[in-house]
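The values are calculated or read from the model by the stated rules, or taken from the named source; none is laboratory data. Bear in mind that the values here come from a model prediction, so they are computed numbers and not experimental data. Quick reminder, even Gly has a Cβ in these numbers, built from the backbone with ideal geometry, and neighbours come from all protein chains shown. Side chains are part of the model used for accessible areas, which takes the heavy atoms of the whole protein and leaves out ligands, DNA and RNA. Shrake-Rupley method; radii C 1.70, N 1.55, O 1.52, S 1.80 Å.
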Amino acid sequence: YTKAHVISPSEFTYTASDGMNDYPISNAFDDNYDTYYISKLANSESNKNFIEISFKKKEKLQMFFIDQIVSNEGIVQGYPTKINVYASVGNNPYTLKNRFDGPPNPYWKRVSFNFYQMFECDKLKIEFEEVSSQTIVGNSTNLVISDIYFIRFMNETTYTGTNYEYSSEAYLNTY
């Protein structure tokens, strides 16, 4: 399901908070777990790192995934513990669509962020409000992302009920 519904990086453009020289934002979209993005500036009250996506067409989004980096000591590096997701269509301003809040889990490689309600947009902004420490380069609250994937919603299922007769004794006694 996931691979079939991933929005390819060829279907959008992106910008983000500047990355460190050896860890540019392009690494977050290269589908390579061994490369990653590290923001140039640490997250703080006055600096919230972000990623902005401009889709080539309007998309109905279901979720996104972030592949996190875990050190050999089992410490998740630069993990976003509070995230705000904003979206817009056309020239409309961004509106808040979801907030995510939670600690990292060192046993997971990929973290799923499911939207409470799916929505359509052609622009998306992910603001990383709080980020845990990273020790890959120094010791600070720089955002670290190996990969990020956006998942489009594909199948709407409508349930209409049944025409089955459940009054038979055999059925009622069995179920």
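Does T95 satisfy being open to solvent by less than 80 Å² (accessible area, probe 1.4 Å) and more than 15 Å from the chain's Cα centre (by Cα)?
yes
Of the conditions (1) in contact (Cβ under 8 Å) with a residue 60 or more places away in the chain; (2) closer than 25 Å to D22 by Cα; (3) part of a strand (DSSP E or B), I83 satisfies every one except a single condition; which number is it?
Looking at each condition in turn, I83 falls short on (1).
Search region 26-55 for residues that are without any contact (Cβ under 8 Å) to a residue 60 or more places away in the chain and pair each with any residue that is among the aliphatic types (A, V, I, L, M) and open to solvent by 20 Å² or more (accessible area, probe 1.4 Å) when their beta-carbon atoms are under 8 Å apart and the residues are at least 6 apart or on different chains.
N47/L41
Name the residue, out of S88, S17, that is among the hydroxyl-bearing types (S, T, Y), in contact (Cβ under 8 Å) with a residue 24 or more places away in the chain and buried (at least 17 other Cβ atoms within 10 Å of the Cβ).
Unique residue meeting the criteria: S17.
Is at least one residue of region 48-55 β-branched (V, I, T) and over 23 Å from P103 (Cα atoms)?
Yes, the conditions are met somewhere in region 48-55.
Among the residues of region 52-80 satisfying the criterion of being open to solvent by 30 Å² or more (accessible area, probe 1.4 Å) and not in a loop (DSSP other than H, G, I, E, B), which is nearest to P106 (Cα to Cα)?
Residue satisfying both the conditions and the ranking: V70.
Restricting to region 98-118, name every residue that is assigned to a strand (DSSP E or B), without any contact (Cβ under 8 Å) to a residue 24 or more places away in the chain and loosely packed, with under 14 Cβ neighbours inside 10 Å.
Within region 98-118, R99, D101, Y116, Q117 qualify.
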